[in-house]
Amino acid sequence: NVATTSSNFIGTTDNMPLVFKVNNKFSGIIQNGTPSNTYFGCESGSANINTTGYWNVGIGHSALKSNTTGYVNTAIGLNSLFYNTTGCNNNSFGENALFNNISGNYNTAIGVQALLNNTTGGMCIAIGNSALQNNNSNNNVAIGHQAGASITTGKENCLIGSTAGYMITTGINNVCIVQQSGAWNSSGNSVLGA
């Protein structure tokens, strides 16, 4: 016999969420309607259950754990977007990616500890382990292992290559392309390092 979705399924027959628990601990939810969120993993999205955040996806232990009103976030990986509460339109993939983000918006972090310490910075792209890990500013792009890892308040930097722009902390509008380029610059502005 072929199973039919109308009579053989795991789920609900009303508009109530499908909730998952392990050892009576919240471990996932699928919601339909308002809000509409999907979480899988022990404590993933656990703060968002009775709040207004919507269209969020959290997969992995404690992914988006603290989210309350933030919306349209995607967090995949252990502790990904862990402290996010109100931040919106963020995408994080990897262990501790965007871990400390609270209210930063429009960020993309791919890699272990990418944008790790960002709390309020926005519109940043970090691809690579520890890329932009100390960033708390806007409009930075870092691609490569530890690219821009020391940036704190520097903004509008474009860094491509392993450890590119590694020593930049407060510099603005720098372009560093290739491995270790611009590594000596910490606070210079509009520097081209290749």
- [ ] For residue 120, tell me the accessible area in Å² from a 1.4 Å probe, rounded to the nearest 10.
- [x] 80
Task: Solvent-accessible heavy-atom area per residue, rounded to whole Å², over region 48-183 at 1.4 Å - done: 37
Task: Taking only Cα atoms of region 1-71, radius of gyration then Dmax in Å - done: 13.2, 45
Task: GNM flexibility winner over the chain from 47, 131, 75 (Cα, springs under 10 Å) - done: 47
Open item on the list: Using the basic label-point model (7 angstrom from Cα toward the beta carbon), what is the residue 12 to residue 36 distance in nanometres?
Closed with: 1.5
TODO: With springs connecting C-alpha atoms under 10 Å apart, model the chain as a Gaussian network and identify which of 38, 52, 74 has the largest mean-square fluctuation.
DONE: 52
- [ ] Report, by chain and number, residues whose modeled amide H sits under 5 Å from the one on residue 143, excluding near sequence neighbours (fewer than 5 apart, same chain).
- [x] 127, 159, 160, 161
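Counting only C-alpha contacts under 8 Å and six or more residues apart, can you give the relative contact order of the chain as a whole percent?
Details: 691 pairs, mean separation 16.3, N = 194.
Rounded, it is 8 percent for the chain.
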- [ ] Give the Cα extents of region 89-194 along the principal axes, in whole Å, largest first.
- [x] 31, 20, 16
TODO: For the chain, go through all pairs of different Cα atoms, get the mean of 1/r, take its inverse, and jot down that Kirkwood value in Å.
DONE: 17.0
TODO: With a 1.4 Å probe and every protein chain kept in, tell me what percent of the accessible surface of the chain is carbon plus sulfur.
DONE: 57
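The values are calculated or read from the model by the stated rules, or taken from the named source; none is laboratory data. Quick caveat, the model's predicted, so the values are computed rather than measured. Reconstructed Cβ throughout: ideal geometry from the backbone, glycine too, with neighbour counts over all protein chains shown. These area figures cover heavy atoms from the full protein model, side chains too; ligands, DNA and RNA do not enter into them. Shrake-Rupley method; radii C 1.70, N 1.55, O 1.52, S 1.80 Å.
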